[in-house]
Amino acid sequence: GCVLVVSVIEQLAQWHNSTVKAAMERLCNYIPGKYQIICHMFCCIDREMNADVVCHSLKLCKQDPGQPLCHLYPPPKPHPLYELMHLSYFLPLQKIFTGFSSVCAFPLLDNLCEKIKYVIRNKLPFEDFDGDKFSTFPTLRGYHWRGRDCNDKNTTVYPGRRPDNWDVTSDSNCNGIWGVDPNDGIPYEEKFCKGADSQGVVLLGDSAGAHFHIPPEWMTVTEMSAKSFANLPMAFTDELDWPQFSEITGFLNSTIGGWTDSLYLRLRQRNRCNHRDLQNISQNGKTYFPIDTAAFMSFSLARNQLLDYPAIVIYATIGNDVCNGNRDTLAHMTTPKEMLSNVVQALRYLDTHLPNGSHVILTGLVDGRFLWDNLHDRYHPLGQLNRDITYSQLYTFLDCLQVSPCSGWLTPNETLRNLTSERALQLSNVLKEIATSEKFGNFDVFYMDFPLRQTTEEWRKMGGEPWQLIEPVDGFHPSQIAAALGTSITWQKVLHEWPQVLGKENPFNSQIEAIFKDQGGH
């Protein structure tokens, strides 16, 4: 984090031909309110020192005994003043940082960080007054992640439930359809939604499902302005995730490039009665195996087997079972035996909580060799100004720090990349076998490969390049373009091979939109 912020400040000074102090003030003016503490921390930087030197001198970066010295930039040449600078120049700042173990320890941010820690720990909305796991607040696991509650003072009112008395007097399931048709006395919910195969969509996923994204404009100094950081508060309180634009549960027009297309939006278009019935239960760094998946879901999943509609559950941890930042990465990957045991355990839990008529789709793991093959020799956003930082250098830096999102794939070691993909294929085959052999009372199970090859082919036909399917800042996650294209490919496969999963089209959609057009927002 320190290296990132210092790099941006120094590049701002270079781009605007200003002092570092002026560049820092410029950056602070760009950043909203309380978040300015992040840039005010760096008041004594010299343009002649690279970010690694600064951050090690501030003791924000360190070299543990027996560990290599981690650096993003080439080490500076020895200078006779360096030791003096190291001892005295940064001493005032070292005192400032003493006692602060993380950015969350700083005043102004500590309260916000506590809220974020709560939602990360519980995967539930921070603002939920009636405790039904749905919220009227967008971030902090609010309605960006789950359908928006339409009455946060009544625990029996929430998206996805079967209507209470056909919603004659109020909207109990928040789909915007309620009241009685004055022409015939029939409740609108009964007239338009009875027998319509209404169902919700639930994603159990990792950071790709949560749609992790760090805006490249946050570190591209040639295009940086106050507008670049307008979304910082929202991004921070959504854990740097953008589920509202994601492949499975997206519902808002994308503001991070590309376009939004999602399984939820297509289900809603197919049947307007499905409005707001979505849940994204994903977490950055989440590996469902071999942890207690049932405990995780029991706390986070909002589905009542007796009162709610069925759901389509997408079970997609597309890389984290083989991805970790450990030096001995292979030893920390999920084994096929662990995968089998824990997925079956999770499905058995779902069978006791999902309403009858639900469906579960298991998604295979991605072949992450695609990442190195398409990015390693390209310049990272931090390296575009001076053409000095490639993705290969970034991957090596993160691996050295042991915070790489995937040491097995983000590495120049071709043998290790191949072994990681081999394990990913083994785990995908376990999922495929489960879908074939295991049977459950309340849902059927399907398997589909992660559609990377088809997505790439489709994007090439549209004139794009494969590297554009990868998030530019982290060089790891699927981009907004990849998410939207993946939705189209997944929908077509399900529509042609398992049409029963999607339910029938509702013939009353146009009438619903005409009558309730003012109640169809998210």
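Residues that are open to solvent by 70 Å² or more (accessible area, probe 1.4 Å) and at pLDDT below 95 occur in segment 402-409; there is at least one. Selection over segment 258-294 of residues that are open to solvent by 10 Å² or more (accessible area, probe 1.4 Å), modelled with pLDDT under 95 and more than 15 Å from the chain's Cα centre (by Cα) gives a count of 4. Applying a threshold of 9 Å to beta carbon distances and a minimum spacing of six or more residues, or different chains, the list of pairs starting in segment 1-23 at a residue that is outside any helix (DSSP H, G or I) and ending at one that is open to solvent by less than 10 Å² (accessible area, probe 1.4 Å) reads Gly1/Cys55; His16/Ala23; His16/Val221; Ser18/Leu12; Thr19/Ala13.
Within segment 355-401, the residues that satisfy the criterion of being of a type in the set (A, V, I, L, M) and either within 25 Å of Pro336 (Cβ to Cβ) or free of Cβ contacts under 8 Å to residues at least 12 places away in the same chain (or both) are Val360, Ile361, Leu362, Leu365, Val366, Leu371. When Glu217 is tested against the conditions (1) touching a residue at least 60 places away in the same chain (Cβ under 8 Å); (2) within 30 Å of Gln480 (Cα to Cα); (3) open to solvent by 10 Å² or more (accessible area, probe 1.4 Å); (4) part of a helix (DSSP H, G or I), the lone failure is (1).
To keep it simple, each residue is scored yes or no on (1) polar (S, T, N, Q); (2) open to solvent by 70 Å² or more (accessible area, probe 1.4 Å).
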{"site": "Arg369", "(1), (2)": "no, yes"}
{"site": "Thr390", "(1), (2)": "yes, no"}
{"site": "Leu398", "(1), (2)": "no, no"}
{"site": "Glu422", "(1), (2)": "no, yes"}
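In the set Phe440, Phe450, Phe516, only one residue is surrounded by 15 or more Cβ atoms within 10 Å (Cβ to Cβ) and outside the structural domain of Gly408 (by the TED database); that residue is Phe516. One residue alone among Pro478, Pro499 is assigned by the TED database to the domain that holds Tyr391 and without any contact (Cβ under 8 Å) to a residue 60 or more places away in the chain, and that residue is Pro499. Being closer than 30 Å to His380 by Cα, modelled with pLDDT of 95 or more and out of contact with any strand residue (DSSP E or B) (no Cβ under 8 Å at 6 or more places or on another chain) is a property that holds for Met234. Is it the case that some residue within segment 502-511 is part of a helix (DSSP H, G or I), over 28 Å from the mean Cα position of the chain (by Cα) and in contact (Cβ under 8 Å) with a residue 60 or more places away in the chain? Looking for residues that are part of a helix (DSSP H, G or I), over 28 Å from the mean Cα position of the chain (by Cα) and in contact (Cβ under 8 Å) with a residue 60 or more places away in the chain, one finds at least one in segment 502-511, hence yes.
Checked against the criterion of being open to solvent by less than 30 Å² (accessible area, probe 1.4 Å) and not aromatic (Phe, Trp, Tyr), the candidates Asp238, Asp197 yield just one match: Asp238. Out of curiosity, is Glu497 out of contact with any Leu (no Cβ under 8 Å at 6 or more places or on another chain), open to solvent by 70 Å² or more (accessible area, probe 1.4 Å) and farther than 26 Å from Trp145 by Cα? So Glu497 passes the test. Screening Tyr143 with (1) under 18 Å from the mean Cα position of the chain (by Cα); (2) modelled with pLDDT under 95; (3) open to solvent by 20 Å² or more (accessible area, probe 1.4 Å) gives one miss only, at (2). Determine whether Ile312 is closer than 25 Å to Gly142 by Cα, open to solvent by less than 10 Å² (accessible area, probe 1.4 Å) and in contact (Cβ under 8 Å) with a residue 40 or more places away in the chain. It is true that Ile312 is closer than 25 Å to Gly142 by Cα, open to solvent by less than 10 Å² (accessible area, probe 1.4 Å) and in contact (Cβ under 8 Å) with a residue 40 or more places away in the chain. Does Arg148 satisfy being outside the structural domain of Leu301 (by the TED database), part of a loop (DSSP other than H, G, I, E, B) and open to solvent by 40 Å² or more (accessible area, probe 1.4 Å)? Spelling it out, Arg148 is indeed outside the structural domain of Leu301 (by the TED database), part of a loop (DSSP other than H, G, I, E, B) and open to solvent by 40 Å² or more (accessible area, probe 1.4 Å).
When segment 477-494 is filtered for residues that are open to solvent by 30 Å² or more (accessible area, probe 1.4 Å) and not in a helix (DSSP H, G or I), only Pro478 remains. Taken over segment 112-130, the criterion of being open to solvent by less than 30 Å² (accessible area, probe 1.4 Å) and either in the same structural domain as Gly33 (by the TED database) or among the β-branched types (Val, Ile, Thr) (or both) is satisfied by Ile116, Val119. In this structure, is Asn253 in the same structural domain as Leu354 (by the TED database) and not basic (Lys, Arg)? It is true that Asn253 is in the same structural domain as Leu354 (by the TED database) and not basic (Lys, Arg). One residue alone among Asp277, Asp241, Asp261 is within 29 Å of Pro32 (Cβ to Cβ) and among the charged types (D, E, K, R), and that residue is Asp241. When Gly463 is tested against the conditions (1) over 30 Å from Cys150 (Cα atoms); (2) small (Gly, Ala, Ser); (3) part of a helix (DSSP H, G or I); (4) open to solvent by 40 Å² or more (accessible area, probe 1.4 Å), the lone failure is (3).
The values are calculated or read from the model by the stated rules, or taken from the named source; none is laboratory data. In this text the structure is predicted, and so the values were computed from the model without any measurement. As a convention, Cβ positions derive from the backbone with ideal geometry for all residues, glycine included, and neighbour counts pool all protein chains shown. The accessibility values were calculated without ligands, DNA or RNA, using every heavy atom of the protein model including side chains. Shrake-Rupley method; radii C 1.70, N 1.55, O 1.52, S 1.80 Å.
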